[in-house]
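Reading through the structure tokens given below for one structure.
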Amino acid sequence: MSKKIRIFIGSLFASVIFPTAAIFIVFWFSSQKNEPQTIDPVLRADHIKSVDHSEFEVLQQEFESPHEVTEACVGCHNGRDNEIMQTAHWKWEREAELPNGRGVHNIGKKNLLNNFCTGAAGNNGSCMRCHIGYGWKDKSFDFGDPTNVDCLVCHDNTETYFKRSGEAGMPATTENATLAQPVPDYNYVAQNVGLPTRHNCGVCHFYGGGGNNVKHGDLEEALLECSKEVDVHMSPDGADMVCTDCHKTENHNITGKHYGVSAMNKNRVNCEDCHGNAPHNDRIIDGHFEKVACQTCHIPTYAKVNATKLWWDWSSAGRLTDDGHSIAENDADGNHNYLSIKGNFVWDDNVEPEYQWHNGTADHYLLEDTISTIPVKINELFGSYTDTTAKIVPVKVHRGKQMYDTEYNTLISMKLHAAEKGEGAFWKDFDWDTSAVLGMQYNNRPYSGQWDFVETEASWPLNHMVAPKEQAMSCTECHSRDSRLANIDDIYVPGRDHSRFLDNLGNIILVLTILGILVHTILRIAFYKKRHHAH
Amino acid sequence: MINKFYTPYNRFWHWTQMLMVILLSVTGWEIHGTYKFFGYQAAVSIHNAAAWGFIILTIFSMFWMALTGEWKQYLPTMNKMGAQIKFYLSGIFYGEPHPVLKSRHRKLNPLQRMVYFLILMITIPFQIITGLIYMYFHLAKNAIGIEYMRDTAILHTIGAFLLIAFLLVHVYLVTTGHTVWSNIKAMFTGYEKSEEHAELEHQ
């Protein structure tokens, strides 16, 4: 073999084939992906009923009232009444230590304000329909009476049991029954009880704020029967899970709570309870677990089927027709954008969440608080990059305008609901001042008589409507110049952030380098030509 | 006369390093947010794999330099530095010969020695260290301050700009050999017609 051929072959290997092979190895390594972990949890649907309630004589009696049903229940399930009566579902409050040394308070739906219907207390007839008791119509309700507990609303498996509207948690009676809201068939319902289904929880948790999906945005009636794309967990085509599959419950203590009413980093439900903290089998993606909640990438949009309320402006409420009738106006999608009783709304579906740091603690505007920021923060999630317990979470922020006392600088509890006209409720009489007087009175709060409207906002972390893995957010949703994380400003996000100064300086250096090379090249050519011309 | 300048390993190192640097640049600027090419996730995977490839190659090359004594060729010297700079600024235009003759044991001119020394001893280790911190900083999540990630990313970007500026000049200077093609040919084959010889032939 001649030397030339040997050099050629040697060059081919040393300078071309081996270097190219090295690059191929790099590409091969970079393309190695492990399969995400799969899990096979035991679900409540696997539970086998141990008894047939229809055979119990006590459930075959003629029930005069729902209270008698409860008596029958606790006659066998003794002690369960005491369990449920310790919970927030019964008390509508929890003992909570607020962050920033604001002390220990009993807070909950019972006494917190919101920027929907402003607050439940004083509007019991309407709001307490979703209390798990019978007839919390005013402060005289007996929280110590076990027969006031409504077992059926959570354990009815017939989907025929409902509480009547406007009756503070009581089902319809023979006196007030209508075709749409009949007296429940207590024997049928009581003989067909079981573990709560999506329907049981949803009957309240889907309709908070006065209609389907008004409040949460990620909890609505579509979840009763939805596609995998809407909710991979609850869809019958997916895992077909019920609420208590994640919100694990012992002795009526249901895990998980919502930061619309809770404040402390405890008793939470976490994705990793089932999925572990490295479910992707991918170092980079699993590494995000430190700072990014699973929900952030896996709930790219919420309100995927029906719209949710994003803006509620009370200040325009009370406009009536010339002959004194209420007005209802719809937006293009058929959602109310004006109601005389409530004001203007903005609804939207398939909404991209906002993103906030959250370490599991939250502050709340308490009845005794004064306004310190505008917009007023109804609740505030805490956390930051340096907080090792905080993660970036997706949030629905509900904004609006509501009444406040301009003298005392406090948000006003409104009296909205009453059965009849003339009782001073805004929804019947449309009188702002009377509504404020009565609402503040019921809540034992001072009211100066001077009022106006102020902007408020509330943060509702999103946990449901988890998308199938194929629809999880791609990297560039956050790692790009138009990142979704625009509000997260205490962290460097590769792809989103860069030093403008450095990039400009670097580019100038590169341009100057190229210019220098060009000038040098031109000079070389020019001088070369000159030299050869001279020859 | 034909001289051998570059051993097979030397050439393998050079070309692999070149491909790695190009790959790291292309993926690195995508991660930086400058453009989209591979897709972000792929860019990150490739960048990280190439980074490890680069580190392994660097370790091998350090062994090679240590064992063969090639490291001596990268020691900076001021000897004839002025003449070398003058050559690039004027002599080259007048067709003057290179002030420092290339040989098997003196592949690099004084300016190259200085620049390569800085690249090998400072810029590349700097990029490797900032890159490793960038990749693995979160494993020490509690030990670090708020600006850590930002600082690391900015330092790594500075290194990237320097390396690309070097690459541009380096590629250009390839054409300043005895002929436009002689240097690159030598880097491929390992052999180059020596200048002295070529000068003689020319006459």
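The values are calculated or read from the model by the stated rules, or taken from the named source; none is laboratory data. Please read these numbers as outputs of a predicted model, since none were measured by experiment. Every residue, glycine among them, receives a Cβ derived from its backbone with ideal geometry; neighbour counts consider all protein chains shown. These area figures cover heavy atoms from the full protein model, side chains too; ligands, DNA and RNA do not enter into them. Shrake-Rupley method; radii C 1.70, N 1.55, O 1.52, S 1.80 Å.
Worth pointing out:
- Looking only at the stretch A:478-504, residues that are without any contact (Cβ under 8 Å) to a residue 12 or more places away in the chain, facing chain B (nearest Cβ under 8 Å) and open to solvent by 50 Å² or more (accessible area, probe 1.4 Å) come to 1 in all.
- Here A:F116 passes the criteria (1) open to solvent by less than 40 Å² (accessible area, probe 1.4 Å); (2) under 25 Å from the mean Cα position of the chain (by Cα); (3) of a type outside the set (A, V, I, L, M); (4) closer than 15 Å to A:C204 by Cα except the one numbered (4).
- Those residues of the stretch B:89-109 which are among the aromatic types (F, W, Y) and either surrounded by fewer than 16 Cβ atoms within 10 Å (Cβ to Cβ) or more than 14 Å from every other protein chain (Cβ to nearest Cβ) (or both), in sequence order: B:Y94
- Checked against the criterion of being part of a helix (DSSP H, G or I) and more than 8 Å from every other protein chain (Cβ to nearest Cβ), the candidates A:K4, A:K33 yield just one match: A:K4.
- Taken together, A:P468, A:P461 contain a single residue that is in contact (Cβ under 8 Å) with a residue 60 or more places away in the chain, more than 10 Å from chain B (Cβ to nearest Cβ) and surrounded by fewer than 18 Cβ atoms within 10 Å (Cβ to Cβ), which is A:P468.
- Some residue of the stretch A:361-371 being assigned to a loop (DSSP other than H, G, I, E, B), of a type in the set (S, T, N, Q) and more than 18 Å from A:G103 (Cβ to Cβ): no
- Test: A:G144 is farther than 24 Å from A:H53 by Cα, of a type outside the set (D, E) and buried (at least 21 other Cβ atoms within 10 Å of the Cβ): no
- The single residue among A:H275, A:H280, A:H288, A:H252 that is open to solvent by 50 Å² or more (accessible area, probe 1.4 Å), farther than 23 Å from A:A472 by Cα and either of a type outside the set (D, E, K, R) or in contact (Cβ under 8 Å) with a residue 60 or more places away in the chain (or both) turns out to be A:H252.
- Flag if A:S316 is touching a strand residue (DSSP E or B) at 6+ places or on another chain (Cβ under 6 Å) and surrounded by fewer than 16 Cβ atoms within 10 Å (Cβ to Cβ): yes
- Checklist (1) assigned to a helix (DSSP H, G or I); (2) within 12 Å of another protein chain (Cβ to nearest Cβ); (3) over 19 Å from the mean Cα position of the chain (by Cα); (4) free of Cβ contacts under 8 Å to residues at least 60 places away in the same chain applied to B:T16, failing item: (3)
- Conditions (1) within 14 Å of chain B (Cβ to nearest Cβ); (2) in contact with a Cys (Cβ under 7 Å, 6 or more places away or on another chain); number of the one not met by A:P41: (1)
- Among the conditions (1) in a helix (DSSP H, G or I); (2) within 14 Å of chain B (Cβ to nearest Cβ), A:T434 misses just one, which is (2).
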